[in-house]
Amino acid sequence: MKLIHYGPEGTADSMHLVDGPTPAPAAGEILIEVKYAGVNRPDVLQRKGRYEPPPDASPVLGLEVAGRVAALGANVSQWKLGDTVCALVHGGGYAQFCVTAASHALPVPQEMTLEQAAAFPENWFTVWGNLINLAALQSGERLLIHGGSSGIGLAALQLGRHMGAEVIVTAGSEQKCDFCRGYGAALAINYHSEDFLARTREFTGGQGVDVVLDMVGGPYIPKNIALLRQKGPFCRAVAARSTSLLSCSNVFT
């Protein structure tokens, strides 16, 4: 198969096509014929030599793809040959074929093109895992999202609204704040001109929020904790991607 490799200088111009072996799916995996691959920050950092992929990951760039199922590993029953899928992959997306765990693939919605679907899994697996699996966001709760106009932030804003939460976001310009309001943010705070702690307290009448999704960390951590609603059923702050923050339940009583 053809795959994209890159030169030692790590520039975008150094990327080029080379021949390589087509991977075979192991038990519980599927082989995807790739039509489109998403581009993520880890891909760029890996190309520049600033990110070392896990030892068991493919050395080929690419963390998400969209295409068709080309082969099934043993014990895979949820997919059949020819199914149209998008998937989160353990490297290897910048190629004609790649493998992934069958559970890491999703059916492509009818209204979504394969090109669009290739940019779907990384953001939405991250957001769903944080807001639903970890933070257990519920209808009627308040959610604060930092970086609301980013890929993760926008997905979280949409999911929060879908779950029936009231969503507050921070963003770095008035244009970005307006963009977030267009997607249903109840409050959008320009962090360059306003203190999000004071503004959120004012907006919520001092009650605070139930869940914080933070991609910043550092000096934001004490402010996030200060904003968690007290005497509520759950008080939770979670961190998107690799930022270490906090996940807590029934801490403040």
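Structure above, values below:
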| read-out | value |
| --- | --- |
| Residue satisfying condition, being at pLDDT 95 or above, over 23 Å from Gly129 (Cα atoms), surrounded by 14 or more Cβ atoms within 10 Å (Cβ to Cβ) and acidic (Asp, Glu), within set Glu64, Glu33 | Glu33 |
| Number of the condition not met by Leu81 [criteria: (1) of a type in the set (A, V, I, L, M); (2) crowded, with 19+ Cβ neighbours inside 10 Å; (3) part of a loop (DSSP other than H, G, I, E, B)] | (2) |
| Given (1) buried (at least 18 other Cβ atoms within 10 Å of the Cβ); (2) in a strand (DSSP E or B); (3) out of contact with any Gly (no Cβ under 6 Å at 6 or more places or on another chain), index of the condition Gln46 fails | (2) |
| Test: residue in the stretch 128-149 that is touching a residue at least 60 places away in the same chain (Cβ under 8 Å), closer than 30 Å to Thr100 by Cβ, hydrophobic (A, V, I, L, M, F, W, C) and surrounded by fewer than 18 Cβ atoms within 10 Å (Cβ to Cβ) | yes |
| Residues that are in contact (Cβ under 8 Å) with a residue 24 or more places away in the chain and either of a type in the set (Ser, Thr, Tyr) or surrounded by 15 or more Cβ atoms within 10 Å (Cβ to Cβ) (or both), drawn from the stretch 157-171 | Leu157, Gln158, Leu159, Gly160, Met163, Ala165, Glu166, Val167, Ile168, Val169, Thr170, Ala171 |
| Hits in the stretch 12-32 - residues which are more than 15 Å from His90 (Cα to Cα) and of a type in the set (D, E, K, R) | Asp13, Asp19 |
| Residues that are hydroxyl-bearing (Ser, Thr, Tyr) and more than 16 Å from the chain's Cα centre (by Cα), drawn from the stretch 135-165 | Ser139 |
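The values are calculated or read from the model by the stated rules, or taken from the named source; none is laboratory data. Keep in mind that this is a model prediction, so the values were computed, not measured. Positions of Cβ are backbone-derived with ideal geometry, glycine not excepted, and every protein chain shown enters the neighbour counts.
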